[in-house]
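Peer 1: Just dropping this structure here.
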Amino acid sequence: MHARYGVPLGIAAAGAAGLLYAAGFEARSFRLRRVTVPVLPPGMRPLRVLQVSDIHMVGDQRKKQRWLRSLAGLRPDFVINTGDNLSDPEGVPEVLDALGPLMEFPGAYVFGSNDYYGPKLRNPARYLFEKTQGRHGLNGNAPAEGVVHNPWEDLRDGFDSAGWLNLTNSRGELKLEGVSVELTGLDDPHIKRDRYAQVAGGPSEAADFSMGVVHAPYLRTLDAFTADAYPLILAGHTHGGQLCIPFYGALVTNCDLDTDRVKGLSRHTAEGNTSYLHVSAGCGTNRYTPVRFACPPEATLLTLVGREDPTR
């Protein structure tokens, strides 16, 4: 009897332990990633940018709220929120409360699909199947039906009232102690709300520094930003793969970006230009799959410094 059932029971016990770890510990093991990016013009003072992404707030996530509030202690020059703040239609007050201290700093935001629509219960294995079929979001799948509409307008109004720039298919500018930072943003490509033609043209010559912002790092948006010579692009959406294999990495990105660039700093090339790309692994999960494995939740403090090659 022991020989017959020992191995299956052992596998089941290991699986249960892994699930307990992924849901009970790692999903709430918040980290700060620190990255230095050489993108500024020579002689310009360094800029410290805090990127928060994919919060996916659900009611009573007290530890996450406390951790987000604590990030204000970093005293960034400005904050970029790359979307998917919600995973609960009732979560707007919690999001605004958690980000309240950060909204004392200059900032800007774009929205993701989960800001507009509530998540649906789905088999996580579908992400692997869709990857093999080249299908992601509405970029190959049928439009979602019967979805919950989140009160994104309330979230927008809260961010706007704090002075954060709404980069929904638009441009904005931050004035930081004499430094002009131009921000060009897109609505979420995952649900085909991006309209690059409305913001095309590249960085303004009047700005000291320009960068692109988008929720989901689909290649068409990265190509557009890079072709227009933006030196830096910030994105989120991927959750860093969320469930990763140790010593291997992510299996999916939930978009057409390759898994080698699922999180962190990389480069992207298009039409002879090269941009830095930073993809945040985010600090939340879909409410129906509240687990992370080998991919802890995070925010990122990017320190922007002078370019290595002044001719770029």
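Peer 1: At 4 °C and a viscosity of 1.567 mPa s, what translational diffusion coefficient does Stokes-Einstein give for segment 241-304, taking Rh as the Kirkwood radius over Cα pairs? Give it in µm²/s as a whole number. Intermediate values should be presented prior to the final figure.
Peer 2: Numbers: Rh = 13.1 Å.
Stokes-Einstein gives a translational diffusion coefficient of 99 µm²/s.
Peer 1: Further question on the same structure: So, by mean Cβ neighbours within 10 angstrom, what's the order for 300-307, 189-196 with the highest one leading?
Peer 2: 189-196, 300-307
Peer 1: To the nearest 500 deg cm²/dmol, what mean residue ellipticity at 222 nm is calculated for the chain from DSSP H runs of n ≥ 4 alone, each contributing -39,500 (n - 2.57), summed and divided by the residues?
Peer 2: Helix contribution divided over all residues of the chain: -7000 deg cm²/dmol.
Peer 1: Something else about it: Considering all projection directions equally, how large on average is the shadow of the alpha-carbon convex hull of segment 184-312, in square nanometres?
Peer 2: Seen from a random direction, the Cα hull of segment 184-312 projects 8.9 nm² on average.
Peer 1: Just to compare against my own numbers: the Cα pair-distance distribution for segment 196-266, 5 Å bins, whole % per bin, please.
Peer 2: Values per bin, smallest distances first: 3, 16, 24, 21, 14, 11, 6, 4, 1, 0.
Peer 1: Binning at 20 Å from 0, report for the chain what percent of all alpha-carbon pair distances ends up in each bin.
Peer 2: 34, 56, 9, 1
Peer 1: Evaluated at 20 °C with a viscosity of 1.002 mPa s, what Stokes-Einstein diffusion coefficient in µm²/s does segment 200-240 have when Rh comes from the Kirkwood expression over alpha-carbon pairs?
Peer 2: In µm²/s, the coefficient rounds to 198.
Peer 1: OK, next. Please give the per residue accessible area of the chain, computed with a probe of 1.4 Å over protein heavy atoms only, in Å².
Peer 2: 45 Å²
Peer 1: Give a residue-ordered list of calculated ³J(HN,Hα) values for segment 110-118 (Karplus: 6.51 cos²θ - 1.76 cosθ + 1.60, θ = phi - 60°; whole Hz; x for Gly, Pro).
Peer 2: Rounded to whole hertz, the list is 10, 9, x, 4, 6, 6, 8, 10, x.
Peer 1: Restricting things to alpha carbons, find the Rg to Rh ratio for segment 78-211 using the Kirkwood radius for Rh. List each step's numbers first, then the result.
Peer 2: Working: Rg = 16.8 Å, Rh = 16.5 Å.
Ratio of gyration radius to Kirkwood radius for segment 78-211: 1.02.
Peer 1: Taking the Cα centre of the chain as origin and charging only Cβ (+1 Lys, Arg; -1 Asp, Glu), how large is the dipole, in debye to the nearest 20? Each step should come with its number before you reach the end.
Peer 2: On the way: 32 positive and 34 negative charges, 240 e Å.
Computed about the Cα centre, the dipole is about 1160 debye.
Peer 1: Could I ask something else about it? So for the chain, if I pair up every lysine 8 or more residues apart or on another chain, how many of those pairs have alpha-carbons under 21 Å apart?
Peer 2: Pairs that pass both the separation and distance tests number 5.
Peer 1: Angle check, please: helix 2-24 long axis (alpha carbons) against the longest principal axis of the chain (alpha carbons), in degrees 0 to 90, nearest 10.
Peer 2: Rounded to the nearest ten degrees, it is 30.
Peer 1: Sticking with this structure for a sec: How would ARG62, ARG48 rank on accessible area, largest to smallest, probe 1.4 Å?
Peer 2: ARG62, ARG48
The values are calculated or read from the model by the stated rules, or taken from the named source; none is laboratory data. Only a predicted model underlies this, so the values are computations on that prediction, with no experimental measurement involved. A quick note on method: Cβ atoms are made from the backbone with ideal geometry, for glycine too, and the neighbour counts reach across all protein chains shown. Note: areas computed on protein heavy atoms with side chains; ligands, DNA, RNA excluded. Shrake-Rupley method; radii C 1.70, N 1.55, O 1.52, S 1.80 Å.
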